[in-house]
Amino acid sequence: MANPIFTPEHEALRASIRTYVSKEIEPFVDEWEADGFFPDSVFRRCGELGFLGLHYPEKWGGSGGDFTTGIVLMEELGRAGCGAISMAIGVQTHMATPALAEFGTDDQRERYLRPAIAGTKICAVAITEPDAGSDVASIKTRAVRDGDEWIVDGAKTYITNGVRADFLTCVVKTDPSQGARGVSLMLIDTDLEGVTVSRNLKKLGMKSSDTAEFSLVGVRVPNDNLIGLVPGQGFAQLMWQLQYERLAGAAAGIGQADDILAETIEFARNRETFGRPIAQHQVIAHKIADAATELEAARALLYSVVWRIQNGEYPVAEISMAKKYVAQVQNRVADVCLQIHGGAGYMDEYRVSRQFRDARLWRIGAGTDEVMNEVIAKRLGLSS
């Protein structure tokens, strides 16, 4: 039965994205994962197909669609057989550009949002530092005003798309004496003098997605690149943007869990032990039934939150619930699916091993389970 939050137009979009993924992504995933990098042309192709600006205004090259179109995109990219693609594209569409689109000037949107939507400029969001992750107010990257420019010094790490990025949506301190009120968001071109990718980081999963560590030394950034042009607004802008990131991750997680559960059901129907398919052994059938039930519950929670946002609400606690719960369910589903595969599941030739590794990041990125619990607790009046 179709979910009521999706219109016929959403379903037509879903079919289009699914065709693209099956024909232009899935056949190459194994090669890209082995290489540790997928080509930049994936961004350009997604831009050509209109996938990078589904929920952004037509004025800046987008499709002018609703919030739900972006959820459809992330869910379908999640079916690609590896999490790296959905994560990298999700950075472009839901993690590095929402604050730019919402709070940026028209000049900033023209110079950065339009090419990001076209896929001709690749972007990354630079928040985490070697000594500051979820505690954004404690970042040390400093931006000091010098006439019409800011001089930026600091370091950023765990930056998805960082190696290939043309620009960063970077979190900086413009007034260290003000705590969270001294945080700003700044658009930094990676070809500026003083911007260096100091390391291309190796990871447990998401192998074909690049993850960088940046050094920023004496980088001169025009004041015109301060998002909104007013310093000290970055913390609020970032917290707003993170809601997009969390829901995008949840949608990708649903797609990934759907993908690996379907693959596991097919495996169980064809793998025989004791003279019959393992799907006919009650213990296996019940494991799959439990996984499918949990996945359906996670999907219902996500879609409920999406529906509320589509209808003008801003349910921060429920967004955190959906992000946390979907990630936890995705990990449990991946674990069950690997177990059902037995020894084969531990081998790289079966995609379940990759999905198992890739799933683990979603309980960390965009806010750990513990950070999500803290957000929820605060909204319930349980902590200050």
Tally, over segment 161-183, of residues that are buried (at least 24 other Cβ atoms within 10 Å of the Cβ) and of a type in the set (Ser, Thr, Tyr): 1
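Every residue, every condition in (1) more than 26 Å from residue 302 (Cα to Cα); (2) part of a helix (DSSP H, G or I), yes or no:
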{"position": "15", "(1), (2)": "no, yes"}
{"position": "18", "(1), (2)": "no, yes"}
{"position": "34", "(1), (2)": "yes, yes"}
{"position": "37", "(1), (2)": "yes, no"}
{"position": "45", "(1), (2)": "yes, yes"}
{"position": "59", "(1), (2)": "yes, yes"}
Candidates 233, 237, filtered to the one that is at pLDDT 95 or above and within 19 Å of the chain's Cα centre (by Cα): 237
Those helices (runs of 4 or more DSSP H) lying entirely in segment 316-384 with at least 1 residues in contact with an Asp or Glu (Cβ under 8 Å, 6 or more places away or on another chain): 316-341, 351-359
Filter result (surrounded by fewer than 24 Cβ atoms within 10 Å (Cβ to Cβ) and closer than 30 Å to residue 66 by Cβ) within segment 260-282: 261, 262
Some residue of segment 292-299 being surrounded by fewer than 18 Cβ atoms within 10 Å (Cβ to Cβ) and of a type in the set (S, T, N, Q): yes
Qualifying residue in segment 113-126 (condition: in a helix (DSSP H, G or I), at pLDDT 95 or above and among the polar types (S, T, N, Q)): no
Qualifying residue in segment 133-156 (condition: at pLDDT below 95, out of contact with any His (no Cβ under 7 Å at 6 or more places or on another chain), among the hydroxyl-bearing types (Ser, Thr, Tyr) and surrounded by fewer than 24 Cβ atoms within 10 Å (Cβ to Cβ)): yes
Any hit, segment 191-203, residues being modelled with pLDDT of 95 or more, in a loop (DSSP other than H, G, I, E, B) and among the aliphatic types (A, V, I, L, M): yes
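Considering only segment 167-197, state which residues are under 15 Å from residue 215 (Cα atoms), touching a Cys at 6+ places or on another chain (Cβ under 9 Å) and not hydroxyl-bearing (Ser, Thr, Tyr).
Going through segment 167-197, the residues under 15 Å from residue 215 (Cα atoms) turn out to be 167-172, 188-197.
Among the residues that remain, those that are also touching a Cys at 6+ places or on another chain (Cβ under 9 Å) are: 167-169, 188.
Scanning segment 167-197 gives 167, 168, 188.
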Options 308, 299; residue that is at pLDDT 95 or above, in a helix (DSSP H, G or I), among the basic types (Lys, Arg) and closer than 16 Å to residue 258 by Cβ: 299
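So which residues in segment 61-76 are part of a helix (DSSP H, G or I) and touching a Gly at 6+ places or on another chain (Cβ under 8 Å)?
Applying the first criterion (part of a helix (DSSP H, G or I)) to segment 61-76 yields 67-76.
Correct list: 74, 75, 76.
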Residues that are under 21 Å from the mean Cα position of the chain (by Cα) and under 24 Å from residue 350 (Cα atoms), drawn from segment 31-70: 32, 33, 36, 37, 38, 39, 42
Cβ pairs under 6 Å, 6+ apart, first in segment 231-249 and in contact (Cβ under 8 Å) with a residue 24 or more places away in the chain, second of a type outside the set (A, V, I, L, M, F, W, C) and not in a helix (DSSP H, G or I): 231/174; 231/184; 234/184
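Of the residues 249, 255, 228, which is touching a Gly at 6+ places or on another chain (Cβ under 8 Å), assigned to a loop (DSSP other than H, G, I, E, B) and under 22 Å from residue 98 (Cβ atoms)?
On the way: 249 fails: assigned to a loop (DSSP other than H, G, I, E, B); 255 fails: assigned to a loop (DSSP other than H, G, I, E, B).
Result of the check over 249, 255, 228: 228.
The values are calculated or read from the model by the stated rules, or taken from the named source; none is laboratory data. A quick note: this is a predicted structure, and the numbers were derived from the prediction, not measured. Note that each Cβ is placed from the backbone with ideal geometry, even for glycine, and that neighbours are counted across all protein chains shown.
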